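The values are calculated or read from the model by the stated rules, or taken from the named source; none is laboratory data. Everything quoted here is computed from the prediction, not taken from an experiment. With ideal geometry, Cβ positions are generated from the backbone for all residues, glycine too; neighbour counts draw on all protein chains shown. Ligands, DNA and RNA are excluded from the accessible area calculation, which covers all protein heavy atoms including side chains. Shrake-Rupley method; radii C 1.70, N 1.55, O 1.52, S 1.80 Å.
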Amino acid sequence: MIEFKSVGMTYPNGNEALKNINLRINSGEITVFIGPSGSGKTTALKMINRLEDNTSGEILIKGRNIREYNIHRLRWGMGYVLQQVALFPHMTVEENISVVPELKKWKKNRINKKIDELLKMVGLDSEKYRKRNIQELSGGEAQRIGIARALAADPEIILMDEPFSALDPVTRTGLQKDIKEMQQKINKTIVFVTHDIEEAFYLGDKICIIKDGELVQQGSEEEIIRNPRNEFVKEFISSGNKRGEK
Ligand code: ADP
């Protein structure tokens, strides 16, 4: 379980990105951070693996302040998937997926087995894809490899920052469905950032609505729809229906 206790974050230039955030991210669930652009979602996510450090309050993982963990171990224990896939362009698919297992000094055949298993899990044929160069992949395939790589070293926690927002609607819907099915099998703790309320409701066991650096409301889809905290939440929920995407 990940806990934010009165967490605040002010960037060195004085931008106050987050204010007094209190939340709980349950193990084995998908928790979605959603809000308009600039509301602080990415900052909140990056603080979990210490790409940014909170400037007040504390973040706990399994009851321990994240600053007490060795920063490398903390990061190896978390998969990270970004909107623009940060795959290593000069390496093949299998080399990309092997990076963290190799850092963890896994044996070659354990890594090989894992690559097969992961490619299958993200819906790609291992024979066909493992030797491919990154440049030979479509956007959707690259994003699948990004997910496989994030899962490679069996992290307990996976951080996903708008992983599907650069994809066309059909690919995007397919990946959303795959992630949901995959999660039912692997049961990881996933923290997922999006600005799309439909995506949030589809994927999230719990949804945290953030606006101007503040946590406006957290709860399940049902709780939020049944009892929206204020006008902003009401409007935000209905914006998904109006847009009519997907
Ligand atoms: P979101 O992910 O919701 O779009 P961000 O977490 O990226 O929001 O940004 C929250 C706020 O912090 C914004 O006002 C943004 O301009 C500011 N911000 C983000 N990164 C930096 C940075 N490196 N330095 C200063 N301000 C930043």
Round to a whole number: what % of the accessible area of the chain belongs to carbon and sulfur, probe 1.4 Å? 47
Springs between alpha-carbon atoms under 10 Å, Gaussian network over the chain: tell me which of Gly35, Gly213, Gly14 tops the mean-square fluctuations. Gly14
Expressed as a rounded percentage, what relative contact order does the chain have, with Cα pairs under 8 Å and six or more residues apart? 28
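Can you work out the accessible area per residue across segment 29-84, with the rest of the protein chains kept in place, probe 1.4 Å, in square angstrom?
46
Between rounded, prolate and oblate, where does the chain land on the alpha carbon gyration tensor, with a ≥ b ≥ c its root eigenvalues, rounded for a/c under 1.5, else prolate if a/b exceeds b/c? Write down the numbers at each step before the final one.
Details: a/c = 1.98, a/b = 1.36, b/c = 1.46.
Oblate, because a/c is 1.5 or more while a/b does not exceed b/c.
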Enter the Cα centre distance for the pair segment 1-31 and segment 129-152, rounded to the nearest angstrom. 30
Which three extents, in whole angstrom, do the alpha-carbon atoms of segment 161-214 cover along their principal axes, largest first? 33, 27, 16
Using a simple spin-label model with points 7 Å from Cα along the Cα→Cβ vector, what separation in nm is obtained for Asp168 and Asp154? 3.8
Treating the beta-carbon of each Lys and Arg as +1 and of each Asp and Glu as -1, no other charges, what is the dipole magnitude of segment 1-151 about its Cα centre, to the nearest 20 debye? 540
Restricting to DSSP loop positions (anything but H, G, I, E, B) with no more than 12 other Cβ atoms inside 10 Å of their own Cβ, which trypsin sites (Lys or Arg not before Pro) remain in segment 47-123? Lys62, Lys105, Lys107
In Å², and per residue, what accessible area does segment 111-246 have when probed at 1.4 Å with the other protein chains present? 48
With runs of 4+ DSSP H residues as the only contributors, calculate the mean residue ellipticity of the chain at 222 nm using -39,500 (n - 2.57) per run, divided by the residue total and rounded to the nearest 500. -12000 deg cm²/dmol
Hits among lysines - C-alpha to C-alpha of Lys104 under 25 Å, sequence gap 8 or more where chains match: Lys46, Lys62, Lys113, Lys114, Lys120, Lys131, Lys185, Lys188
